[in-house]
Amino acid sequence: MLARLAVVTLSALVIGFCTPPAEAQSASPGAKPSPYIKTGSPQRWKLTFRVEQPARTRGAPRLAEIHLPLVLRAASSEMAFVEDAGEDLPDASLVAQIDGRDVASDRVFQGNAATDDAVMGVWTLPSTPITQMLSFVAEYEVTASRLQFDESRARRVEWAAGSWPAAAEAMLEPQEGIELSDGARVPDTALSALLSEATGGRDPKSIGPVQLAKWLAGQIATKLEVSGVGAVSNDRGQVVGAGFSSIGLKTYDQTLADGEGSSFDVCNVLVALYRKAGLPARLVIAYDAGAEEPGKRNRLFEGDERGAAALRPYVEFALYDERTDSLGWVPVDIVALSERLSTMPQGFLQRPQEGFGTNRELDAIIPLAFAYTPDGSTSSAKAPAFFGLVFQPGIDAPEAQRAVVIDTATVANRGRRRR
């Protein structure tokens, strides 16, 4: 079967959406939108992110920082922007409180909102004594859309002879929590063996990028079982479903040896496998507004009675067509594929698969981050999370008492200012 991967052809199949008509995917800066990826049924969401962290200052007042990643544009979403002094910036607000009183904060965005698909918002709080609680509420709006992938046409895209666009090239670099642990490379012997086995020992680039991406996704989906979501919860989580300390991660070799891992572990393996094959890929840590229970605080990890956890990771790989200088990001819901497939079905490579590119659920999925954010308030100073509280020494902040709640609400769709 592998020998036929590079020459397989498909008859055209287009899966349509109801109104409104499909639009081109928002392009990463410096490239044209991909003609193979269309978005439809856009829904605008307001996301509210609340964190309560019991804390106490020992001795002199200390500085504290709040690190909140902001995904400006993903395969199926785009954040709202506001013009500030002639510059387009993410329209994100944050109100911080110390012991129940509002405090001023200095905000900076690390990264370039004009050229990057994501930036890190950093809010620095004043050196104020904390006796009981540090809390904050952040809000921003995102337009999310369903996605339609013209896989039959995309299969004709070849590997670029030149370099990748900057946004894609950056997603070949090792990342903390995926290829790195405390800055050092994690063992990946089993990962390398899997890539060699999957490609029959051939150069991965002898197979077209879309065919390769789908074949590798099928390998992971049928070899790994998703077991939990990997949260390190705390005692507040048992009461209100809001407790969160960090995301517990295995190494690739551990996940492959076990044949199972959390939804984050499985996504990490696929991201790393794509990158090792030379295909830029990124993890997406997202919030599933469709998993919310009306009138209840949502369970970020544990899931409701339907088993739907609100924190939902998936993977995106870069599709760059050098002929048209177009760059798109193709989402792969490897968790859904793994839960659906026990073996590679006949025609898997030839037929479009819901969750590989085309995805009808993404209009309710709000990306939160493209990478793990080290959280300095936990007992492990570099525990992976999707936001960060960074305290100077001298502030006690037990993660066992932290509460994290995310709420969403739909807002009227407005015309998006293309950037």
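The values are calculated or read from the model by the stated rules, or taken from the named source; none is laboratory data. Note that the structure is a prediction, hence the values are computed from the model and not measured. For neighbour counting, all protein chains shown are included, and Cβ atoms are generated from backbone atoms with ideal geometry for every residue, glycine included. The area values use the complete protein model at the heavy-atom level, side chains included, leaving out ligands, DNA and RNA. Shrake-Rupley method; radii C 1.70, N 1.55, O 1.52, S 1.80 Å.
Values computed for the structure shown
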{"read-out": "Highest to lowest packing among 354-364, 104-114, 385-395, scored as the average C-beta count within 10 Å", "value": "354-364, 385-395, 104-114"}
{"read-out": "Residue (of His67, Val95, Phe109) at the positive-pole extreme of the range 61-114, dipole from beta-carbon charges", "value": "His67"}
{"read-out": "When each of Lys32/Lys223; Lys32/Lys205; Lys32/Lys214; Lys32/Lys276; Lys214/Lys250; Lys38/Lys214 is checked by Cα-Cα distance, pairs over 28 Å", "value": "Lys32/Lys223"}
{"read-out": "Extension gain, Arg340 back to Ser227 (0.36 nm per residue minus Cα-Cα distance, nm)", "value": "39.3 nm"}
{"read-out": "Computed label-point distance, nm, for sites Ser163 and Asp91 using a 7 Å Cα→Cβ extension", "value": "3.5"}
{"read-out": "Alpha-carbon centroids, the range 125-153 and the range 156-211: separation in whole Å", "value": "28"}
{"read-out": "Net dipole in debye of the range 34-191 [+1 Lys, Arg Cβ; -1 Asp, Glu Cβ; about Cα centre; nearest 20]", "value": "480"}
{"read-out": "Residues with amide H under 5 Å from that of Ser246, placed H, sequence gap 5 or more", "value": "Val232"}
{"read-out": "Gyration tensor verdict on the range 46-147 (Cα atoms; rounded if a/c is under 1.5, prolate if a/b is larger than b/c, oblate otherwise)", "value": "prolate"}
{"read-out": "Percent carbon-and-sulfur accessible area, the range 29-74, ignoring ligands, DNA and RNA, probe 1.4 Å", "value": "50"}
{"read-out": "Size of charge dipole - the range 138-220 - debye, nearest 20, with Cβ of Lys, Arg +1 and Asp, Glu -1, no other charges", "value": "580"}
